[in-house]
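Colleague: Pasting a structure here, questions to come.
The values are calculated or read from the model by the stated rules, or taken from the named source; none is laboratory data. The model shown is predicted, which means the values in this text are computed figures rather than measured ones. Positions of Cβ are backbone-derived with ideal geometry, glycine not excepted, and every protein chain shown enters the neighbour counts. Side chains included, ligands, DNA and RNA excluded: accessible areas come from the protein's heavy atoms. Shrake-Rupley method; radii C 1.70, N 1.55, O 1.52, S 1.80 Å.
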Amino acid sequence: MSSLRYERPADPAAAVAVVHENPGAVFLAGGTNLVDHLKLGVATPELLVDVSHLPLDTVAESADGGIRVGANVRNSDLAAHPFVRRNYPMLSRALLSGASPQLRNTATTGGNLLQRTRCSYFRDVTTPCNKREPGTGCSAIGGYTRYHAILGASEHCVATHPSDMAVALLALDAEVLVLGPDGERAIAVEDFYRLPGGTPERDTVLERDDLVVGVRIPASQSSLSTYRKVRDRASYAFALVSVAAEMTVADGTITGCRLAFGGVAHRPWRAHRAEAALLGQQPSGEVFAAAAEAELAGASPLDGNAYKIPLLRRTVVATLRELDERRERGESA
């Protein structure tokens, strides 16, 4: 059993200072991911800096029609928030599909963003893993790859990012609010996560002593959005593929669209090629399929996960068709 020290700073700035001054320190919030890693031996910090009590637990509407969500807002509270359900239904649905009620009651917004891959090799300390121990190799390459990446992977890592919430936030053009030793800054979700490249041990652009203090979401661009998750079982499972989608149609033509995918890359994947292929088109199953193909043109499947290509294609079509059918029925959420 490893010994651990524990501190409970009085405010966010003090928490950042403690981690900055202690190289072996990590932040602890809900603990639904970190505690697992402590048990498995994946994480071996010397000091836990508890930030779960800090006053970062509010959802505040902004003057421009968006919201600011504190890092300690629980997933269950955010999913049930009336403003979120009304204006960001894809976010509420992503959160509700993300875990069991017990976990959602504990997991925080900041912790959800920072959860690490569920790759079985990463979680098994008896196997080589570049993400866990840089330079040791990737056991997934040539191994069991049913759940692994088809987009943006490298020879060093083919793991996928597990968060459902982050996929929705990416499609919503949200920003992560970060407090570091030099003050607070905002990072677009699209810039927040990294592809593995040669340094897969780094999931995000954060420095070790950066603390996520919140998320800022701009006003929704469309009244119709959704999140669709395909998984091995209806609950308590991570995505094989998922799609967050928002679409605006005017005079029979797609005038706005935002798409993001989960379960297919080292980070939540913004489908810019698919979005470009949709703009200016009349909504139809053929147009939706062509947009999916445009995004999947760069896919590099492994022996065990080629099924994700047709599965993602079908999921994109089904998701966009659902939005278009709801539009035709005059639905607004």
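Colleague: Of all the accessible heavy-atom surface of the chain, with the other protein chains kept in place and a 1.4 Å probe, what percent is carbon and sulfur?
Modeller: Working: 7180 of 14370 Å².
Within the chain, the accessible surface is 50 percent carbon and sulfur.
Colleague: Put one equal scatterer on each alpha carbon of region 5-52, apply the Debye formula with no solvent term, and list log10 I(q)/I(0) at q = 0.16, 0.17, 0.33 1/Å to two decimals.
Modeller: With one equal scatterer per Cα and no solvent, log10 I(q)/I(0) is -0.40, -0.45, -1.25.
Colleague: Tell me which residues come under 5 Å, amide H to amide H, from residue 224 once H is placed; ignore anything under 5 positions away on its chain.
Modeller: 247
Colleague: Something else now. Report, by chain and number, residues whose modeled amide H sits under 5 Å from the one on residue 270, excluding near sequence neighbours (fewer than 5 apart, same chain).
Modeller: For residue 270, the qualifying residues are 261.
Colleague: Work out from phi, with θ = phi - 60° and the Karplus expression 6.51 cos²θ - 1.76 cosθ + 1.60, the ³J(HN,Hα) of each residue of region 295-303, listed in order in whole Hz, and give x for Gly and Pro.
Modeller: Values per residue, Gly and Pro as x: 6, 7, 4, x, 6, 10, x, 9, 4 Hz.
Colleague: While we're here: Could you check the spin-label model distance between residue 276 and residue 6? Points 7 Å from the Cα along Cα→Cβ, value in nm.
Modeller: 5.2 nm
Colleague: Cα centroids of region 67-104 and region 4-37: how far apart, whole angstrom?
Modeller: So the separation of the two Cα centres works out to 24 Å.
Colleague: Short version: ³J(HN,Hα) in whole Hz for each residue of region 67-83, in order, from phi by Karplus 6.51 cos²θ - 1.76 cosθ + 1.60 (θ = phi - 60°), x for Gly and Pro, what are they?
Modeller: Each residue of region 67-83 in turn: 9, 10, 10, x, 5, 9, 5, 6, 4, 5, 5, 5, 4, 8, 5, x, 5 Hz.
Colleague: For the chain, what is the calculated [θ] at 222 nm in deg cm²/dmol (nearest 500), taking -39500 (n - 2.57) for each run of four or more DSSP H residues and dividing by its residue count? Could the numbers behind the result be given before it?
Modeller: Working: 12 runs with 98 residues, N = 333.
So the calculated ellipticity at 222 nm is -8000 deg cm²/dmol.
Colleague: Also: Quick check: the distance between the Cα centres of region 38-61 and region 304-333, to the nearest angstrom?
Modeller: 36 Å
Colleague: Would you compute the Debye intensity of the chain from its alpha-carbon atoms alone, equal scatterers and no solvent, and pass along log10 I(q)/I(0) at q = 0.08, 0.14, 0.15 Å⁻¹ to two decimals?
Modeller: These q points yield log10 I(q)/I(0) values of -0.37, -1.13, -1.28.
Colleague: I would also like to ask the following. Using a 10 Å cut-off on Cβ atoms, rank the peptides 149-158, 285-294 from the highest mean neighbour count down. Intermediate values should be presented prior to the final figure.
Modeller: Values: 149-158: 22.7, 285-294: 18.5.
In decreasing order of mean packing, 149-158, 285-294 become 149-158, 285-294.
Colleague: Follow-up question, since we're still on this one. Sort the following peptides by mean Cβ neighbour count (other Cβ atoms within 10 Å, averaged over residues), highest first: 106-112, 270-276. Write down the numbers at each step before the final one.
Modeller: Numbers: 106-112: 25.6, 270-276: 19.7.
Descending packing order for the listed peptides: 106-112, 270-276.
Colleague: Amide H of residue 129: which non-local residues (sequence gap of 5 or more, or other chain) have their own amide H closer than 5 Å, using H built in the peptide plane?
Modeller: For residue 129, whose amide H was placed from the backbone, the distant partners under 5 Å are 136, 137.
Colleague: May I ask you to evaluate 6.51 cos²θ - 1.76 cosθ + 1.60, the Karplus curve with θ = phi - 60°, for each residue of region 158-173 and list the ³J(HN,Hα) values in order in whole Hz, giving x for glycine and proline?
Modeller: So the J values, rounded to whole Hz, are 10, 6, 10, 7, x, 6, 7, 4, 5, 5, 5, 5, 5, 5, 8, 6.
Colleague: What FRET efficiency comes out for the pair residue 191/residue 20, r = Cβ-Cβ distance, R0 = 22 Å, nearest 0.05? Show your work: numbers first, answer last.
Modeller: Working: r = 23 Å, r/R0 = 1.03.
That gives a FRET efficiency of 0.45.
Colleague: Over all alpha-carbon pairs in region 100-227, figure out the percentage whose distance exceeds 17 Å.
Modeller: Working: 5114 of 8128 pairs.
In whole percent, the long-distance tail amounts to 63.
Colleague: How do 31-37, 74-80, 324-330 rank on mean C-beta neighbours within 10 Å, highest first?
Modeller: Packing order, densest peptide first, comes out as 74-80, 31-37, 324-330.
Colleague: Compute the distance in nm between two label points, each set 7 Å from the Cα along the Cα-to-Cβ direction, one at residue 86 and one at residue 199.
Modeller: Here the answer is 4.4 nm between the modelled labels.
Colleague: Another question, then. Add +1 for every Lys or Arg and -1 for every Asp or Glu among the other residues with Cβ under 15 Å from the Cβ of residue 7, and state the total. Intermediate values should be presented prior to the final figure.
Modeller: On the way: positive: 5, 8; negative: 11, 21, 46, 50, 209.
Counting the neighbours of residue 7, the net charge comes to -3.
Colleague: Which of the lysines could a cross-linker span from residue 39 if the Cα-Cα distance has to be under 27 Å and same-chain partners fewer than 8 positions apart are dropped?
Modeller: 131
Colleague: Taking the Cα centre of region 5-52 as origin, sum charge times position over the Cβ atoms of Lys and Arg (+1) and Asp and Glu (-1), and report the length of that vector in debye to the nearest 20.
Modeller: Numbers: 3 positive and 6 negative charges, 26 e Å.
Computed about the Cα centre, the dipole is about 120 debye.
Colleague: Separation of region 227-272 and region 187-224 by C-alpha centroid, Å?
Modeller: With region 227-272 and region 187-224 each reduced to a Cα centre, they are spaced 17 Å.
Colleague: Can you give the Rg and Dmax of region 227-333 based on its C-alpha atoms, in angstrom?
Modeller: Expressed in Å, the Cα Rg and Dmax of region 227-333 come to 13.8, 44.
Colleague: Could you calculate the FRET efficiency of residue 322 with residue 232 from 1/(1 + (r/R0)^6), where r is the beta carbon distance between them and R0 is 22 Å, rounded to 0.05?
Modeller: Details: r = 22 Å, r/R0 = 0.98.
For R0 = 22 Å, the calculated efficiency reads 0.55.
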